[in-house]
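A short write-up of the structure that comes next.
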Amino acid sequence: MNYLYKEKVRKYIIENFPLAIEISNIAPIFLIGGALRDIELLTTPKDLDFVVLSDTDEIIKTFIEKNNLKYKINKLGGYKIYNNSVVVDIWNTNDLLKSIEYNIEGLFYDIKNDYIIPFGYYDALENGLRIINPNNNINEEEKIFKRKITLNNYIKNKNK
């Protein structure tokens, strides 16, 4: 991933959820998945998904309370934060790879180190959609359909 792309990602985070930069000073935090693809394709992400590497959600809770953010618990047990016009899902895990289900979702931006990690992402572009973590299945048929459309659209737009 090139330097300009990383700059776009960092700028988008700073403009839409600067709290992630603050959290990165205390714990590893990653922007993952779809927002990274959207930013690369110059489309507006529908939401931002962040993962904090931590055994506890105390870090997230502290920042939410300190900044008086409106939130609710999302369907995966993390926090859905309504920050101006941006919806942010943020949760903690002690295993970054457990936060993805399909290879197309395997794209991470390490905020503290300003580094893109394309785990599984290029595999999806070259070999098609594959499941990486079957334990993350919520509504399997719906998710497979959405991920196939995402992959097909990405490949089509990338080849323009």
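Read-outs: derived from the displayed coordinates by stated rules, not from any lab. Computed from a predicted structure; not experimentally measured. Note that we place each Cβ from the backbone using ideal geometry, even for glycine, and neighbour counts take in every protein chain shown.
So here's what we get for this one:
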{"item": "Residue-span extension gain [LEU4 to THR62] - 0.36 nm each, minus C-alpha spacing", "result": "17.6 nm"}
{"item": "Karplus 3J(HN,Hα) series, Hz, for segment 52-68 with 6.51 cos²θ - 1.76 cosθ + 1.60 (x for Gly, Pro)", "result": "9, 7, 6, 7, 9, 8, 4, 4, 4, 4, 4, 5, 5, 5, 4, 9, 6"}
{"item": "Extension gain (nm, one decimal) between LEU41 and ASN84, 0.36 nm per residue minus Cα-Cα", "result": "13.2 nm"}
{"item": "Additional length obtainable on full extension of the chain from GLU22 to ASP55, 0.36 nm per residue less Cα span", "result": "10.0 nm"}
{"item": "Burial order of peptide ranges 72-78, 51-57, 28-34 (average beta-carbon count within 10 Å, highest first)", "result": "28-34, 51-57, 72-78"}
